[in-house]
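The values are calculated or read from the model by the stated rules, or taken from the named source; none is laboratory data. These numbers were taken from a predicted model, which means no experiment stands behind them. Neighbour counts are summed over all protein chains in view; Cβ atoms, including those assigned to glycine, are modelled from backbone coordinates with ideal geometry. These area figures cover heavy atoms from the full protein model, side chains too; ligands, DNA and RNA do not enter into them. Shrake-Rupley method; radii C 1.70, N 1.55, O 1.52, S 1.80 Å.
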Amino acid sequence: MAKLLSSASSHELLALPPAVSLPVVDLSLSHDEVRRAILDAGKELGFFLVVNHGVPEHAMRDMEAVCEEFFRLPVLDVAPFYSDDRRKPNRLFSGTTFNTGGDKYWLDCLRLASTFPVGDSKNHWPDKPQSLREVVETFFLLTRGVGMELLRLLSEGMGLHPNYFDGPLNCGDTTISLNHYPRCSDSSLALGLPPHCDRNLITLLLPGVVPGLQVSYKGDWINVEPMPNAFVVNFGFQLEVVTNGVLKSIEHRVMTNSVMPRMSVAVFIEPDADCLIGPSEEFIGEGNPMRYRSLTYREFLRVHNVVKLGSSLNLTTNLSNSQQTQDKNT
């Protein structure tokens, strides 16, 4: 097994620029206020914070504790899960290559897959720490519930049926990523994660207390300031496709830190692999022609995996162009 970054030495790192607060969606407000806030954030930035979401604080703290405990385990305990094979739904990997010329990134990640309900999925997860399976299952179910409620409120805010995004668009396996970004070398040499857009429908992130997440905004990178007991939510590229560009899926990346490690936990709600996804008729009309061709989610993942991410601030455009180019060749 390759050496995990968590056991590597650390070096000097340049200071992060000032952090900026994302829009805040407070689920305790009236439905009208919440719907408007989600829709405004989705059109402008595609990222926002969610507070008063109903996930108990102890479930969030337990998830953070299990994440930290897992990455402190001896290498021999986690070695059976280590794999560079992206096709494996449950695996531990380190310094993933993202088809960007072979560059490596300063990350250890335990990636888990789950059906809904969880069922036998958890039997394929690590059994160390002892509480991992129970804690991850609880956190996953609660967090997925928040994601589904946000999609319902978003649908209503756009004048659609509340269950508009239900069905094949969200019934694929959910991915849970436990991320550990160790203290790292000079940021000019390593990022935690490269610039990317999430490929799925919607992502909910428990960001931890250490800053590091950056979001592309008006041609520049802004740092996301963590807020206690808040989720960071961002729209995946499939929401941009379904809404024909009305909602935005925005590039983001993770910076490294020389002072302390950073932990985060992400829950990715995904379509079924065979779900055919394209702009819905409600979002096509005079002045707003179809911008994306229809692909199954399985085919989209294949296309996405061969798009070079690079370091530009135009990944969404690149993904769109790759679909259009392939369409011309078929």
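Provide the per residue accessible area, probe 1.4 Å, for segment 148-252, rounded to a whole number of square angstrom.
Numbers: 3090 Å² over 105 residues.
Per residue, segment 148-252 has an accessible area of 29 Å².
Send over a whole-number figure in Å² for the accessible area per residue of segment 29-98, probe 1.4 Å. Please list the in-between numbers first.
Working: 3560 Å² over 70 residues.
The answer is 51 Å² per residue.
How big is the dipole moment of segment 28-139 about its Cα centre under a simple scheme where the beta carbon of each Lys and Arg is +1, that of each Asp and Glu is -1, and everything else is neutral? Debye, nearest 20, please. Present the calculation step by step, with values, prior to reporting the outcome.
Values: 14 positive and 18 negative charges, 80 e Å.
My answer is approximately 380 debye.
Taking every alpha carbon pair in segment 18-129, what does the distance histogram look like in 10 angstrom bins from 0, in percent?
Result, from short to long distances: 11, 26, 30, 26, 6, 0 percent.
With the Cα gyration tensor of segment 147-232 in hand, convert its eigenvalues to equivalent ellipsoid semi-axes via √(5λ) and list them largest first in whole Å. Provide the component values of the computation, followed by the final result.
On the way: eigenvalues 180, 46, 36 Å².
Working from the Cα gyration tensor, I get semi-axes of 30, 15, 13 Å.
Once you have a ≥ b ≥ c as the square roots of the Cα gyration tensor eigenvalues for segment 63-154, tell me rounded if a/c is under 1.5, and otherwise prolate or oblate according to whether a/b is larger than b/c.
Working: a/c = 1.92, a/b = 1.27, b/c = 1.51.
Taking the square roots of the gyration eigenvalues as a ≥ b ≥ c, segment 63-154 is oblate.
Could you tell me how far the Cα centroid of segment 28-80 sits from the Cα centroid of segment 126-179, in Å?
Using only Cα atoms to place each centre, the spacing works out to 11 Å.
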